[in-house]
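The values are calculated or read from the model by the stated rules, or taken from the named source; none is laboratory data. Everything quoted here is computed from the prediction, not taken from an experiment. No Cβ is skipped: glycine too gets one built from the backbone with ideal geometry, and neighbour counts run over all protein chains shown. To get the accessible areas, we keep the full protein, side chains included, count just its heavy atoms, and leave off ligands, DNA and RNA. Shrake-Rupley method; radii C 1.70, N 1.55, O 1.52, S 1.80 Å.
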Amino acid sequence: MQKPLIALGIETSCDETSVALVNSNKEILSHLVHSQIKDHKIYGGVVPEVAARAHLSLLPSLLRQVFKEANIVPEEVDIISATTGPGLIGGVVVGTMAAKAMAASLDKPFIAVNHLEGHALTARLTDDAPFPFVLLLVSGGHCQIMLVENVGKYKTLGSTLDDAVGECFDKVARMLGLPYPGGPEIEKQALKGNPKAFSFPKPMLGQKHLNFSFSGLKTAVRQTIQSLQAVHGEALPPDVFADICASFQDTVACVLYERVQQTLSWVSANNPNYQCFVVAGGVAANKHIRVALQKVCDDFNFIFYAPPLRLCTDNGAMIAWAGLERFQVGLRDSLDIKPRPRWTLEEIKGAI
Ligand code: KG4
Ligand code: ZN
């Protein structure tokens, strides 16, 4: 039997410093995720300069540890991959340069991974999702519905016109005085609340296109909080607080449900070879949203794929896996490649 290929993946595009070793048999040999949340907490969001410095100081020891835990030496790795964008440029530079230096000194191929492709392909690592699939990518910086034909072959059907979904969760959490990142905090509070207590607007509902908009929802939640505070005082009663979280989360789930319903209806009529649906990105960790998306997939006879919760948010395993996928279809990158703060999925090189 042929020996599986081993990839090292480095992720440093936001506030997680993460490294992983993954092989082509879909085994995660070792995986370390260091969240910088406590470094950024006092600022209420991620500070790019603080993040870049933290990646710089954390990476060397995480790299040593990831090899130790997998019980392999760097020479045994077949490819070195790193997030080369999109993301906070300081962090992306740190991870890319570390990967390039290792690739050069070990004389191994370097694969520049688009962070969004890392998210998009995770369900192939964890759940064997087959190509082609419809992708809903919902993270702190992105909200897109796409057709994914193969490695590097993406077509956008719709995207957000303003805030990303995760960003909206984070901003609503901030209005409520909840810590960053807001998504998991709102989800926790929502468990205690009534999702139908408040009726928030569902932007763009019933429109023909597949784009999203969340700024109106965010404003409506802010106005509701302010008028409730005028009655109850700054600190809202716990049940009201939980009701806002539950109603906001349910509104987001309804908007995503509607958009995916519209997408799957269109795809079924126009691209009948698409029968799988993948949700990816940090917001895909939200159980209420997962249930809503599972339901719409069931209605349209689509197979629903969602990565395990811990691999929905940023991680190095998805970068190692995307590197392996790209390598296996013949893609390689030169050490001259530049880190990119912006880099859409449609701009990346695809399977040859
Ligand atoms: O994919 P990710 O880790 O980073 C980006 O590439 O942006 O996504 C982070 C985003 C944050 O906005 C966070 O609040 C959101 O994902 N998030 C969630 C949940 N877990 C993380 N949103 C809703 N519910 C969750 N359980
Ligand atoms: Zn991400």
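Only lysines eight or more places from Lys41 in sequence, or on another chain, were considered; those with a Cα closer than 20 Å are Lys171, Lys188. Positive end of the charge dipole of the chain (Lys, Arg +1 and Asp, Glu -1 on Cβ, about the Cα centre): tell me which of Phe327, Pro179, Thr84 has its Cα farthest that way. The listed residue farthest towards the positive side: Pro179. Per residue, the chain reaches -14500 deg cm²/dmol at 222 nm when only DSSP H runs of four or more residues are counted, each adding -39500 (n - 2.57). For the chain, the solvent-accessible area with a 1.4 angstrom probe is 42 square angstrom per residue. Angle of helix 215-232 to the longest C-alpha principal axis of the chain, folded into 0 to 90 degrees and rounded to 10: 50°. Once you divide the Cα radius of gyration of region 130-307 by 2.2 N^0.38 Å, the number left is 1.05.
Could you pull out every one of the lysines with an alpha carbon less than 21 Å from that of Lys26, ignoring same-chain neighbours closer than 8 positions? Partners found: Lys3, Lys68, Lys108. Pairs of alpha carbons in region 35-137 separated by more than 21 Å make up 49% of all such pairs. Computed extension gain for Trp266 through Asp299, at 0.36 nm per residue and net of the alpha carbon distance, reaches 10.5 nm.
So what's the gap between the Cα centers of region 60-137 and region 270-303, to the nearest angstrom? Centre-to-centre (Cα) distance: 26 Å.
Could you pull out the pairs from Lys155/Lys218; Lys155/Lys349; Lys196/Lys218 whose alpha carbons sit more than 20 Å apart here? List each step's numbers first, then the result.
Working: Lys155/Lys218 28 Å; Lys155/Lys349 13 Å; Lys196/Lys218 17 Å.
Pairs exceeding 20 Å: Lys155/Lys218.
Under a plain spin-label model, where a point goes 7 Å from the Cα along Cα-to-Cβ, how far apart in nm are Lys349 and Leu309? Rounded to a tenth, the inter-label distance reads 3.9 nm.
Of the residues Lys108, Lys202, the one with the largest accessible area comes first in the ranking Lys202, Lys108, computed with a 1.4 Å probe on protein heavy atoms.
By accessible area, using a 1.4 Å probe on protein heavy atoms only, the chain has 54% of its surface on carbon and sulfur.
Quickly rank 312-325, 135-148 as a protection proxy: mean count of other C-beta atoms within 10 Å, highest first.
Ranked from most to least packed, the peptides come out as 312-325, 135-148.
Decide, for the chain, between rounded, prolate and oblate: order the square roots of the alpha carbon gyration tensor eigenvalues as a ≥ b ≥ c, take rounded if a/c falls under 1.5, and otherwise choose prolate if a/b is larger than b/c, else oblate. Cα axes put the chain in the oblate bin. Rounded to the nearest 20, the Cβ-based charge dipole of the chain about its Cα centre (Lys and Arg +1, Asp and Glu -1) stands at 240 debye. Computed packing ranks the peptides 232-240, 290-298 as 290-298, 232-240, most packed first, by mean other Cβ atoms within 10 Å.
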